[in-house]
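Scroll down for the structure; my scribbles are underneath it.
The values are calculated or read from the model by the stated rules, or taken from the named source; none is laboratory data. All values derive from a computational prediction rather than experimental measurement. For neighbour counting, all protein chains shown are included, and Cβ atoms are generated from backbone atoms with ideal geometry for every residue, glycine included. These accessible areas exclude ligands, DNA and RNA; they are computed on the full protein's heavy atoms, side chains included. Shrake-Rupley method; radii C 1.70, N 1.55, O 1.52, S 1.80 Å.
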Amino acid sequence: MCGIVGYVGENRATPILINGLLKLEYRGYDSAGLAVVENGNLAVMKNKGRVSNLEELDGINNLTSTIGIAHTRWATHGRPSAENAHPHMDNSKTFAVVHNGIIENYNELKDFLISKGYTFYSQTDTETIPNLIHYYFSRDEKDDGDKFLRAVRSACNDLKGSYAIEVISNLSPNECIVVRKDSPLVVGVGTNENYIASDIPAILPFTKNFYLLDDNELTVIKKDSVFFYDNSLEQHNKAIKNIEWDALSAEKDGYEDYMLKEIFEQPNSIRETIGSRLKLGEECNFDDLEFSKEYLENLNKIYIVACGTAMHAGLVGKNIIEKLCKIPVTVDIASEFRYRDPLVDEKTLCIYITQSGETADTIAALKLAKSKGSKTLAISNVIGSSITREADYSIYTHAGPEIAVASTKAYTSQVVLLAILAIHFAEILEASDKETLENLKTDILDLPTKIGAVLDNLDDLKEFAKKIYTEKDMFFLGRGTDYNVALEGSLKLKEISYIHSEAYAAGELKHGPIALIENGVTVIGIITDSKLVEKTISNMQEVITRGAKTLVITNQNLPNTHFDYVIDIPNTSSLISPILSVIPLQLLAYYISKYKGLDVDKPRNLAKSVTVE
Ligand code: F6R
């Protein structure tokens, strides 16, 4: 949930660490801190609140050290406060640690350390780590150059749970040791300087060359070297990976907020998702997949498992796969799937969708399906993310870094990728006629231009947002795949405007929710499926009769109706219409949040990547 940055080099560490933290505030923002080795001692500075509160601390600008670690926190153990902020030190102030993740056995470790005379000053699980390192360090009688590394290794062997940690020590002032397990961490390589981060954008302005660390790999970083060790402290080599994201794409690029930037990036992110996978007149091409016709024919079902917005993308994907491939698809919430003892086996293909690739429930759900013999396919936006190391197959959305907490471009890219995957499977299975597939390919290739048209036509949407931004409740209605979009529109609104909203399959209205419709309530309808137009219109009429204010998003020529606002979007196959109809809903949530004066990019209580249960 939190963000980590580190630096070992020739320049002053503090400005580099702060710069990195500012880019990582979307991962956690209730406190921030840093530690450097200053004149032979560890200097730790931390403060509650945003990184700007850390920057304001007296003396922080006087730090001259060229090595340091830093952290921005989203509280899990212990309330947000300066004491609970990272870095944490051991009692002797010899080791400083920052940590992402959760140490599940921290109570046990804390009791053990207390029994050995250690005192704890915070309520965090993290504080056990520097003290454990000190415990092992002080008992190691061999005083060679590897003593620090051995102590970190021994401490990590005692930790249960997930972690990405950075450790520095005043006894070893030229090196930083880092380790990850089920939590992201990369090392960025420079000339006479190296960087560490939990997320690539934090250090992208400094380098494009990265080592993507593996679980349990101990890494020793000095200014001119990076060494990798396994648990037996055997050294090994590792290839550098060049990440092509440019630094600017990780910045706001002139937009007021990341979310707005990311919404407007969608024509381009979708082009990137399509890439060379889909061309007219050719079969779809996935270099990394090797599903045979026999394997796909033998499948009983496909499971799509994810959380939140990614799960909503899965619902749209279910419709496309079932229609094109004639394979039943079940969509499940990862936190439910993992405890449901799901009926999956080697005749089930399990697809996991996760923008970050780090969502704890989704990863656990994948591990479970694997243990039951089913093949697993991860769809992620982050190359080398944890889930892609666990999955049998991984494919990437290539939507570029998504910084705003509320997911927008990742969702549309996930749906596009699912559509291309469905066509790919249908081609292998020969389950749909060529014309249907070719028409869908044309519609997918036209999406970037059509999204551009939606983004050019925002005046009515802004006006409607202004009318309704003070409301307390709203409803979203749709049928078929429009219902899936209603779910996503409602989630977006809740997340960033804090307005309560519900999404219903329009036909369910009279089975209960219509009791809530009264004079002045806002109802948003999505109508894009020609076969269902009349049905949804009649549901909308029912709410108008009861005094509702209405906005309709449609690609149909609607008969004369009494809707207050109609947002027309370009026509496309109903299978992929959510990619267009979701955009006005993303923007509606955005404008409402802005009118309310809220922090769009960092909604309260939410973090970008949910790496704990
Ligand atoms: C909503 C949102 C969340 C995420 C969910 C899964 O805007 O962003 O609902 O979709 O937390 O995250 P990933 O896709 O990283 O697994």
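Calculate, axis by axis, the spread of Cα positions in the range 1-60 along the three principal axes, and write the results as whole Å, longest axis first.
Result for the range 1-60: principal-axis Cα extents of 32, 22, 16 Å.
Can you give the convex hull volume of the alpha carbon atoms of the range 42-85 per residue, in Å³?
That works out to 82 Å³ per residue.
Quick check: at a probe of 1.4 Å, how many percent of the accessible area of the range 258-445 sits on carbon and sulfur atoms?
Carbon plus sulfur share of accessible area: 47 percent.
Please list, ordered by chain and number, the residues whose modelled amide H lies under 5 Å from the amide H of SER122; skip anything fewer than 5 residues away on the same chain.
Amide H to amide H, under 5 Å and 5 or more residues apart or across chains, SER122 pairs with nothing.
How far apart, in nanometres, would the label points at GLU438 and SER232 be if each is projected 7 angstrom from Cα along the Cα-to-Cβ direction?
5.9
Once the piece of chain linking ASN457 and LYS93 is laid out straight, how much longer is it, given 0.36 nm per residue of separation minus the C-alpha distance between them?
Result for the pair: 125.2 nm of gain on full extension.
Grab the other residues whose beta carbon is less than 10 angstrom from that of GLY68, score K and R as +1, D and E as -1, and report the net.
Combined, the nearby Lys, Arg, Asp and Glu give -1.
Kirkwood Rh, the range 3-250, all Cα pairs: how many Å?
On the way: mean 1/r = 0.0567 Å⁻¹.
Its Kirkwood hydrodynamic radius stands at 17.6 Å.
In whole angstrom, and with the biggest value first, how far do the Cα coordinates of the range 454-595 range along each principal axis?
36, 35, 25
In whole percent, what relative contact order does the range 454-595 give with Cα contacts below 8 Å and a gap of six or more residues?
Values: 254 pairs, mean separation 43.8, N = 142.
In percent, rounded to a whole number, it is 31.
How many Å² of accessible area per residue for the chain, probe 1.4 Å?
38
To the nearest µm²/s, what D does Stokes-Einstein give for the range 258-445 at 20 °C and 1.002 mPa s, using the Kirkwood radius over alpha carbon pairs as Rh? Working shown, then result.
On the way: Rh = 16.4 Å.
Reported coefficient: 131 µm²/s.
Would you mind giving the three semi-axes, in whole Å and largest first, of the ellipsoid equivalent to the range 193-240 according to its Cα gyration tensor?
Working through the eigenvalues yields semi-axes of 21, 12, 9 Å.
Per q in 0.09 1/Å, what log10 I(q)/I(0) does a Debye calculation on the alpha-carbon atoms of the chain return?
-0.74
Based on alpha-carbon atoms only, what is the radius of gyration of the range 414-489 relative to the globular estimate 2.2 N^0.38 Å?
1.52
Quick check: net charge around ILE517, other residues with Cβ under 9 Å of its Cβ, Lys/Arg +1 and Asp/Glu -1?
On the way: positive: ARG546; negative: GLU518, GLU542.
Net local charge, ILE517 excluded: -1.
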